Amino acid sequence: MSLTEKISSDLINTMKSRDKVALEAIRAAKTAFTLARAEKGAGSVLTSDEELKIIQRLVKQRRESATIYKEQNREDLYKIEIAEAETLEKYLPAKMNDEELSKALKAIIDRVGAKSPADMGKVMGVAMKELAGKADGKEISAKVKEILGG
């Protein structure tokens with residue numbers, strides 16, 4: 001079952017359960033998928049990578065909004081944004097812990113033959129593709145710098 005199908009199914013279940021916050025988050029995802037398919041052209045289908053990127057973008061937007069609301073002492077809106085982000089994160093693959101991330105990055109560094117911080121671009125290109133959804137870009141970048149001694 002594709003992520004698009006899962007979200008459509010969950011949308012119906014969420015409507016029945018009357019969970020307003022989850023409903024808003026899932027509706028936003030469904031809308032984003034529909035818009036992305038429309039941009040590609042009639043009858044197009046999103047790849048699983050495209051679906052993941054859309055969900056990641058939606059989670060990131062909600063986390064950023066939550067940060068702003070927190071700074072402005074809007075606890076009510078902050079809680080809604082966090083709850084929506086957590087709802088959407090359920091559709092993402094499990095995040096890697098620090099040890100798993102280091103191990104995966106060391107394997108990528110060995111494979112691309114990176115030796116110094118100057119090779120960071122080569123490593124990041126491969127790492128972002130392979131670890132999409134499993135680790136945040138900032139975490140990957142920081143860990144690559146640490147490993148390469150940058």
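List of remarks:
- Structure-based [θ]222 nm, the chain - -39500 (n - 2.57) summed over DSSP H runs of at least 4, per residue, nearest 500: -25000 deg cm²/dmol
- For the set LYS53/LYS115; LYS40/LYS95; LYS20/LYS106, the pairs lying more than 32 angstrom apart at their alpha carbons are LYS20/LYS106.
- Between ARG63 and ARG27, residue separation times 0.36 nm minus the direct Cα-Cα distance comes to 11.2 nm.
- Cα centroid separation - region 119-150 against region 68-99, whole Å: 23
- For region 110-126, the Karplus equation 6.51 cos²θ - 1.76 cosθ + 1.60, evaluated at θ = phi - 60°, returns couplings of 4, 5, 7, x, 6, 10, 9, x, 5, 8, 4, x, 4, 5, 4, x, 5 Hz by residue, with Gly and Pro reported as x.
- Prolate/oblate/rounded label for region 3-89 (Cα gyration tensor, a/c 1.5): oblate
- Most mobile of ILE140, ILE80, ILE12 in a GNM of the chain (Cα contacts under 10 Å): ILE12
- Computed over the chain: relative contact order in percent, which uses C-alpha pairs under 8 Å that are six or more apart: 20
- Residue pairs, from the table LYS79/LYS103; LYS60/LYS122; LYS30/LYS122, whose Cα atoms sit over 27 Å apart: LYS79/LYS103; LYS30/LYS122
- Its relative contact order, with pairs defined as Cα atoms under 8 Å and 6+ residues apart, puts region 3-89 at 32 percent.
- Note on LYS145 and LEU35: their simple-model spin labels are 3.1 nm apart, each label 7 Å out from Cα toward Cβ.
- Computed magnitude of the charge dipole of the chain (debye, nearest 20; Cβ of K, R +1, Cβ of D, E -1): 220
- Taking Lys and Arg as +1 and Asp and Glu as -1, the other residues whose beta-carbon sits under 14 Å from that of MET1 total -2.
Only the coordinates and a few stated rules stand behind these numbers; no lab work does. Here the structure is a predicted model, which is why all the values come from computation and not from measurement. For neighbour counting, all protein chains shown are included, and Cβ atoms are generated from backbone atoms with ideal geometry for every residue, glycine included.
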